[in-house]
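Visitor: Can you keep this structure in mind? I'll have questions shortly.
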C-alpha cells in the first residue's frame, strides 16, 4: 500500500463506532456513557504511519511500564491527556509522541482524525490522529518512566492475522472472558488500542 493509496483511503467517510464493537469487551458503544452525561478528560494518541526499508506499512506502539493502575503493561499508541498549554488535541498527540518515544511528529503529514472513544475505567475521551512520516527509521528516545518498550508493527500483516481471544484477570474477583486481541509475534493488543486499530483496519483493508 503506497502513500498515494493511503491518501485515497482516508478520503472516505469513517466507519465510526461500528468498527469498535468487535473489540469491545462488553460489546457496547464506547460513547453512550458520554452521551448520557458521564464526566471525561480529553486525551489524544498519535498513530504514526510510515513505510519501512522493506516498503511495508508500519506503525509505532509502546508497552507501558508496570504500575498500580488500570493500563499497566498494556500496548498503547503514544499519547496522553490534554494539558493546559496544548492548543488543541492534535498538539497533545504530537507532544506526547515526543515525550514518550522521542519522535518529533510536528512536521509529519496529517492524514485523518479517527473516531473518538471513551474509556470508562480511566474516564479518558481519546481522539486518535493519523500522521504520516516519510522517514523510514527513527531515533527513539524512550521515556523510562512511562514506556517499557517500543515496537514497530507491520500493519497489513497484523490486519490479515487471525484475531485471538484471551481471558484477562482484572483482579482477584473478576476475569474478563474471551477478550478479542490483535496479535503479532508475542505482542497482544486489546482495549482502546485494539478498538482504534480495528477502525484503521476497516479503512485500509
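Visitor: Can you give the FRET efficiency for residue 113 and residue 175, using 1/(1 + (r/R0)^6), R0 = 41 Å, r = Cβ-Cβ distance, to the nearest 0.05?
Guide: Efficiency for this residue pair is about 0.75.
Visitor: Distances over 32 Å make up what percent of all Cα-Cα pairs in the chain?
Guide: 11
Visitor: With the Cα gyration tensor of region 134-205 giving a ≥ b ≥ c as the square roots of its eigenvalues, does the rule (a/c under 1.5 for rounded; else a/b larger than b/c for prolate; else oblate) give rounded, prolate or oblate?
Guide: The shape class here is oblate.
Visitor: Can you put 114, 158 in order, fewest other beta carbons within 10 Å first?
Guide: So the residues, fewest neighbours to most, are 158, 114.
Visitor: According to a simple spin-label model (label point 7 Å from Cα along Cα-to-Cβ), what is the distance in nm between residue 204 and residue 36?
Guide: 3.4
Visitor: Taking all pairs of different Cα atoms in region 75-142, averaging 1/r and flipping that mean, what Kirkwood radius in angstroms comes out?
Guide: 12.8
Visitor: Rounded to the nearest 500, what is the 222 nm mean residue ellipticity of the chain from helices alone, with -39500 (n - 2.57) per DSSP H run of 4+ residues and division by all residues?
Guide: -6000 deg cm²/dmol
Only the coordinates and a few stated rules stand behind these numbers; no lab work does. What you are looking at is a predicted structure, and each value in this text was computed from that prediction instead of being measured. Glycine also receives a Cβ, built like all others from the backbone with ideal geometry; neighbour counts cover every protein chain displayed.
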